[in-house]
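The values are calculated or read from the model by the stated rules, or taken from the named source; none is laboratory data. Bear in mind the structure is a predicted one, so any value in this text is a computation, not a measurement. Quick reminder, even Gly has a Cβ in these numbers, built from the backbone with ideal geometry, and neighbours come from all protein chains shown.
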Amino acid sequence: MTNTMSNAPSVLAPIASSERIRAVDIARGLALLGILLVNARFFFGTLAVALYPEEIPVGLTPTYTDFAAWSFVEFFCTYKCMSLFSLLFGFGIAMQVDRLVRAGQSRWSFGARRLGVLFFIGVLHGTLIWYGDILTLYAILGVIVLAAATLSAKALLRAIAVIVGVLVFLTIAGSVLGYIGSTYPEWFELPPIGETSVDTAASMDLRTDLRGFAAMKEAGGDIRSPVWRAAETAAFRDGPYLDALLFR
């Protein structure tokens with residue numbers, strides 16, 4: 001008991017600079033920088049502009065520098081930096097669990113506090129500030145990492161094989177269904193992708209005065225429609241806050 005209590009401060013306290021793994025800290029910093037570059041475009045314009053390079057903001061003319069910057073971020077940062085940061089997040093939890101186990105302390109009481117605070121911050125962030133919040137997911141997955149941190153290598157490999165198999169199946173199934181839906185839209189009673197009648201387009205242009213949920217409904221959930229983009233731009237430019245919160 002005395003040994004456990006004497007180790008408590010060293011476990012809960014931040015790691016000394018001399019004990020830190022500098023390469024991991026550098027990789028974590030680069031991952032955060034890359035995530036910032038990826039998300040920066042979501043703060044610049046509408047959601048459609050952020051996701052589709054062919055969607056040009058009104059009043060702007062893209063240059064070769066813009067396309068070069070987009071290509072650089074897509075090639076070097078998109079999904080790569082998020083994956084790297086996620087890997088390091090799990091690595092950090094595993095390192096903390098190792099210290100706790102060696103000190104004879106419970107990983108659950110320690111992890112519950114940190115992950116609980118992370119989850120609470122994530123809920124506030126995702127609800128009130130930005131739909132792109134990832135902290136809640138990190139908190140939930142952190143619980144899984146805590147549970148798996150003391151498993152044997154063989155058990156972890158089996159779990160990884162099952163997860164990868166499920167993800168591969170879902171990816172293939174999604175691709176097949178997407179191909180069928182775009183090639184044979186009549187099977188699902190959907191209008192062909194990319195084809196919009198003149199009357200429909202004119203109607204959408206006429207309804208760009210709609211705001212909030214009414215605009216979302218009129219646009220049919222299509223973030224690239226003029227109705228959606230006009231309402232989203234107006235929400236962030238003119239308010240009110242509830243409209244901006246809806247599109248956030």
*Taking the stated definitions as given, is Phe110 without any contact (Cβ under 8 Å) to a residue 40 or more places away in the chain, farther than 30 Å from Ala231 by Cα and out of contact with any Phe, Trp or Tyr (no Cβ under 6 Å at 6 or more places or on another chain)?*
no
*asked:* Checking the condition under 30 Å from Thr46 (Cα atoms), in a helix (DSSP H, G or I) and touching a helix residue (DSSP H, G or I) at 6+ places or on another chain (Cβ under 6 Å), which residue from Gly111, Gly122 passes?
replied: Gly122
*Of the conditions (1) modelled with pLDDT of 85 or more; (2) surrounded by fewer than 14 Cβ atoms within 10 Å (Cβ to Cβ), Val38 clears all except one; give me its number.*
(2)
*asked:* Give me the residue from segment 134-187 that is among the hydroxyl-bearing types (Ser, Thr, Tyr) and surrounded by fewer than 12 Cβ atoms within 10 Å (Cβ to Cβ) and, out of that set, nearest to Cys81 (Cα to Cα).
replied: Thr171
*For segment 117-143, name all the residues that are farther than 15 Å from Phe89 by Cα and either under 13 Å from the mean Cα position of the chain (by Cα) or in the same structural domain as Leu242 (by TED's automatic domain parsing) (or both).*
Gly122, His125, Gly126, Trp130, Tyr131, Gly132, Asp133
*Return only the number of the condition from (1) loosely packed, with under 11 Cβ neighbours inside 10 Å; (2) modelled with pLDDT under 80; (3) among the charged types (D, E, K, R) that Glu55 does not satisfy.*
(1)
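Kindly provide the set of residues from segment 89-108 that are assigned to a helix (DSSP H, G or I) and not aliphatic (A, V, I, L, M), ordered by number. Even if it seems obvious, please write down each step before you answer.
Filtering segment 89-108 for residues assigned to a helix (DSSP H, G or I) gives 89-102, 107-108.
Of everything in segment 89-108, those that are assigned to a helix (DSSP H, G or I) and not aliphatic (A, V, I, L, M) turn out to be Phe89, Gly90, Phe91, Gly92, Gln96, Asp98, Arg99, Arg102, Arg107, Trp108.
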*Does Thr46 satisfy the condition of being modelled with pLDDT under 85 and farther than 25 Å from Gly221 by Cα?*
no
*Residue count for segment 30-65, restricted to those that are under 18 Å from Ala230 (Cα atoms) and among the aliphatic types (A, V, I, L, M)*: 8
